Amino acid sequence: SRMPSLAACYNLLDFEAVARQVMKKTAWAYYSSGADDEITLRENHAAFHKIWFRPRILVDVENIDMSTKMLGTKCSIPFYVTATALGKLGHPEGEVVLTKAAHQHDVVQMIPTLASCSFDEIVDAKQGDQVQWLQLYVNKDRDITRKIVEHAEKRGCKGLFITVDAPQLGRREKDMRSKFSDPGSNVQSGGSDIDRSQGAARAISSFIDPALSWKDIPWFKSITKMPIVLKGVQCVEDVLRAVEAGCDGVVLSNHGGRQLETARSGIEVLAEVMPALRERGWEKRIEVFVDGGVRRATDIIKALCLGATGIGIGRPFLYAMSAYGLDGVDRAMQLLKDEMEMNMRLIGAARIEDLNPSLIDTRGLLGG
Ligand code: FNR
């Protein structure tokens, strides 16, 4: 099959179309699949289309500044590369490709527990004061988890994102059908009896502790000084509880539609969460991140208007990497930056702080 040129990719969805054609079937199945009937997977993206803009005119938008802070560190733009396992399924160099692109664009990268490259390889690929976070799957053996966390802090990670939406892996049937058989993954977290007949996801996740609970949060706070963020929070009650537990952040996420089927989109949960935080005067006590279905800068801007601190992007960078390697991820990030600058101008906001709820109409999202 003929490969379209990189210059023919004009937006993030174009990379997905190319990746679908050129990727190995097992890799495509693992990256693209969602749980069950993929209703949440589709809703993640569709939910953004229920929000409309209320742009302001005659604002000086000659100079656009997209820089911001996430968990206390500066970055060029408020999106980050979220954690996605098994980078080598898509590209022989794996996650370090994302590290290099993130450096070129001054974007934060979240390192997955289940990366194909070793954790140290990914940290070694970092340049200058590039910022990385660690995504953590909590092992039943807490000594293993403690070592992973302490090592990450020692190697300079600036945030600990504990995944809380995966006490058991969801049924990703596309992935299960493709019968995972690729040994190219390095599973550093000690799943011993790996059953490869159940798809990539199930093969690598048997070590995750389903008994993890709120009672464990003080222990995490006692073993690290990194900010602690719960990844996969899905309702306002749990955000309030995270504040009370002393967490530094939450990611409103349904794991890219790969876990609980018919879970709500992150953006919808965000619209529920931010007013409740503001009502209590708690909006400065916790940073609220969101991911799932973000494909356009308009999606990012809508989340920022609602009050998100940062927006995670998963599959689009995997697809860009799988199809075109570093050049692909570089272009995907540049396209997003270009879209972001243009749309901030068109909405009438020169800085990230200028984005606020008055610039969007959420009646379609909240009303039905
Ligand atoms: C993920 N995600 C994920 N999350 C996590 O906490 N640990 C992990 O190991 C993985 N692995 C993973 C693999 C793949 C292939 C995908 C697509 C996703 C979820 C990820 O961090 C994020 O929540 C979603 O990917 C966001 O949705 P989009 O941007 O992919 O639509």
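The values are calculated or read from the model by the stated rules, or taken from the named source; none is laboratory data. Everything numeric in this text was worked out from a predicted model, so none of it was measured. Every residue, glycine as well, gets a Cβ built from its backbone with ideal geometry; the counts of neighbours run over all protein chains shown.
Within segment 16-48, restricting attention to residues that are assigned to a loop (DSSP other than H, G, I, E, B) and within 12 Å of the ligand (Cβ to nearest atom), which residue is nearest to Ala320 (Cα to Cα)?
Looking only at segment 16-48, we keep the residues that are assigned to a loop (DSSP other than H, G, I, E, B), and these are 23-24, 33-38.
Next, only the ones that are within 12 Å of the ligand (Cβ to nearest atom) stay: 23, 33-35, 38.
Working: Met23: 11, Ser33: 17, Gly34: 19, Ala35: 23, Glu38: 22 Å.
The qualifying residue nearest to Ala320 (Cα to Cα) is Met23.
Only one of (1) over 19 Å from the mean Cα position of the chain (by Cα); (2) farther than 18 Å from Arg258 by Cβ fails for Cys157. Which number is that?
For Cys157, the failing item is (1).
Inspect all residues belonging to segment 329-339 and state whether any of them is touching a His at 6+ places or on another chain (Cβ under 6 Å) and touching a residue at least 24 places away in the same chain (Cβ under 8 Å).
yes
Quick test of your reading of the structure: Glu244 fulfils all but one of (1) modelled with pLDDT of 65 or more; (2) within 16 Å of the ligand (Cβ to nearest atom); (3) not polar (S, T, N, Q). Name the failing condition by number.
(2)
Which of the residues that make up segment 106-130 are closer than 27 Å to Tyr30 by Cα and more than 16 Å from the ligand (Cβ to nearest atom)?
Within segment 106-130, Asp120, Glu121, Val123, Asp124, Ala125, Lys126 qualify.
Taking Val290 and the conditions (1) within 12 Å of the ligand (Cβ to nearest atom); (2) farther than 27 Å from Ile228 by Cβ, which numbered condition does it fall short on, given that it satisfies the others?
(2)
Show the residue pairs meeting these rules: Cβ distance below 9 Å; 6+ apart or different chains; first residue within segment 44-56 and among the charged types (D, E, K, R); second residue within 15 Å of the ligand (Cβ to nearest atom) and assigned to a helix (DSSP H, G or I).
Once the first residue is among the charged types (D, E, K, R) and sits in segment 44-56, its partners that are within 15 Å of the ligand (Cβ to nearest atom) and assigned to a helix (DSSP H, G or I) give Lys50/Ile267; Lys50/Glu268.
Considering only segment 349-367, I want to know if a residue exists there that is modelled with pLDDT of 95 or more, under 30 Å from Ile57 (Cβ atoms), in contact with a Pro (Cβ under 7 Å, 6 or more places away or on another chain) and within 15 Å of the ligand (Cβ to nearest atom).
Looking for residues that are modelled with pLDDT of 95 or more, under 30 Å from Ile57 (Cβ atoms), in contact with a Pro (Cβ under 7 Å, 6 or more places away or on another chain) and within 15 Å of the ligand (Cβ to nearest atom), one finds none in segment 349-367, hence no.
Select from segment 131-158 the residues that are part of a loop (DSSP other than H, G, I, E, B) and touching an Asp or Glu at 6+ places or on another chain (Cβ under 8 Å) and write down the one among them that is farthest from Pro218 (Cα to Cα).
That would be Arg155.
Scan segment 79-87 and give yes if some residue there is of a type in the set (Val, Ile, Thr), within 27 Å of Asn356 (Cα to Cα), within 15 Å of the ligand (Cβ to nearest atom) and in contact with a strand residue (DSSP E or B) (Cβ under 9 Å, 6 or more places away or on another chain), otherwise no.
So far as segment 79-87 goes, yes, one or more of its residues are of a type in the set (Val, Ile, Thr), within 27 Å of Asn356 (Cα to Cα), within 15 Å of the ligand (Cβ to nearest atom) and in contact with a strand residue (DSSP E or B) (Cβ under 9 Å, 6 or more places away or on another chain).
If you scan segment 284-314, which residues turn out to be closer than 14 Å to Glu353 by Cα and of a type in the set (S, T, N, Q)?
Step one: filter segment 284-314 for residues closer than 14 Å to Glu353 by Cα, giving 284, 300-310.
Thr309 - this is the single residue of segment 284-314 that is closer than 14 Å to Glu353 by Cα and of a type in the set (S, T, N, Q).
Of the numbered conditions (1) more than 18 Å from the chain's Cα centre (by Cα); (2) among the hydroxyl-bearing types (Ser, Thr, Tyr); (3) within 13 Å of the ligand (Cβ to nearest atom), Ser213 fails exactly one; give the number of that condition.
(3)
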